[in-house]
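The values are calculated or read from the model by the stated rules, or taken from the named source; none is laboratory data. Bear in mind that the values here come from a model prediction, so they are computed numbers and not experimental data. When we count neighbours, we look across all protein chains shown, and the Cβ atoms used for this are built from the backbone with ideal geometry, even at glycine. Surface areas here come from the heavy atoms of the whole protein model, side chains and all, with no ligands, DNA or RNA. Shrake-Rupley method; radii C 1.70, N 1.55, O 1.52, S 1.80 Å.
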Amino acid sequence: MTQIKNIGIFTSGGDAPGMNAAIRAVVRSATYYDLEVTGIRRGYEGMINGEFFAMDRKSVSNIIQRGGTILKTARSEQFKTPEGRKLAYDQLKTHNVDALVAIGGDGTFTGARIFGQEYDMPIVGLPGTIDNDLIGTDFTIGYDTAINTVIDAVDKIRDTAESHDRVFIVEVMGRDSGLIALRTGIASGAEAILIPETKTDINNLCDRLEHSRKDKLSKIVIVAEGEDAGGAFEIGRQVKERFPHYDTRISILGHIQRGGRPSCMDRVLASRVGVAAVEALRDGHRNEMIGIIHNEISYTPFEHAIKHHIEINPNFLKLVEILSI
Ligand code: F6P
């Protein structure tokens with residue numbers, strides 16, 4: 001068993017609802033196991049700049065229901081350099097931090113993987129991103145809340161679409177991943193879903209819009225921001241060109257998808273993996289992301305968690321085709 005006394009905790013990359021619940025779980029479980037916790041503000045950037053402070057069980061009172069991250073977050077260019085990582089390591093040593101819990105996504109674990117190889121610093125990660133694009137967990141913290149925010153918004157857009165017989169192209173987040181679009185498209189009854197993992201074919205989209213129910217004039221298309229045809233405005237332009245008689249509108253949901261109170265599912269996921277992270281560090285785990293697969297805690301090496309080969313289940317796309325007739 002590794003003798004760890006002081007765990008540093010930080011959030012990095014895009015914020016996600018449920019990050020606070022994860023911070024709370026780490027702080028409370030560390031306290032339960034008689035360990036000290038040092039909060040690090042603004043991710044790797046704050047680590048380099050020495051933004052450290054002591055946390056105890058009271059520092060995380062009344063945050064389980066709050067969106068965002070009380071530790072703040074940032075994307076750090078400096079940490080991508082060996083000099084930046086050396087400064088970060090020196091700060092950790094100065095503040096007697098002897099293990100780390102990193103909460104974030106792909107970029108966070110890319111940094112953690114390199115840092116864990118260069119320095120003798122046990123580090124484990126918690127999957128915190130609305131994108132759900134990590135391998136080694138069925139769901140990431142924030143995804144459930146984000147997809148529920150999207151369907152609330154699309155339900156409202158549908159009221160206008162129906163009332164005015166309009167076609168709406170709705171853009172959701174997901175620069176590299178279509179997983180938000182995929183689930184929300186099914187759940188909101190979209191006519192079509194366009195995602196980065198498949199090539200966008202505007203002709204095919206237009207054919208589908210034309211041949212889907214003729215008696216139904218309002219239609220919803222869900223577009224992930226990273227699809228390859230130029231985004232919602234460009235798709236909207238091409239749809240208008242082919243169907244000038246359609247009343248076509250674009251709606252970009254944007255950062256409302258990242259905010260808000262975390263759902264029950266996200267709070268429970270964050271609480272479970274947060275406690276598991278502290279237990280994993282006590283048990284000598286390092287360089288792993290802690291997730292949940294089939295309802296069991298799982299440990300995935302960083303280099304595997306960040307591999308971009310999440311397969312899109314083709315049945316999901318087929319579902320949209322069947323259900324939108
Ligand atoms: O990774 C989460 C995410 O919300 C992506 O879906 C999106 O592309 C990106 O962050 C947006 O980042 P920013 O807030 O820096 O514009």
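Quick look at the numbers
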{"item": "GNM result for the chain, Cα springs below 10 Å: residue of Met289, Met19, Met55 fluctuating most strongly", "result": "Met55"}
{"item": "Surface/4 estimate of mean projected area, convex hull on alpha-carbon atoms of region 143-258, nm²", "result": "6.3 nm²"}
{"item": "Hydrodynamic radius of region 1-85 per Kirkwood, over alpha carbon pairs, in Å", "result": "13.4 Å"}
{"item": "Percent carbon-and-sulfur accessible area, the chain, ignoring ligands, DNA and RNA, probe 1.4 Å", "result": "49 percent"}
{"item": "Per residue value of the accessible surface for the chain (all protein chains in place, 1.4 Å probe), Å²", "result": "45 Å²"}
{"item": "Top of Gly230, Gly116, Gly68 by mean-square fluctuation, Gaussian network on the chain, Cα under 10 Å", "result": "Gly230"}
{"item": "Antiparallel %, DSSP beta bridges [both residues in the chain], to 5", "result": "25 percent"}
{"item": "Positive-pole candidate from Ile325, Asn295, Val268, dipole of region 263-325, charges at beta carbon", "result": "Val268"}
{"item": "Over region 200-325, equivalent-ellipsoid semi-axes from the Cα gyration tensor in Å", "result": "41, 16, 15"}
{"item": "Pairwise FRET efficiency - Ala187 versus Thr81, Cβ, R0 = 41 Å, nearest 0.05", "result": "0.45"}
{"item": "Projected-area mean, the chain, by convex hull of Cα positions, square nanometres", "result": "16.4 nm²"}
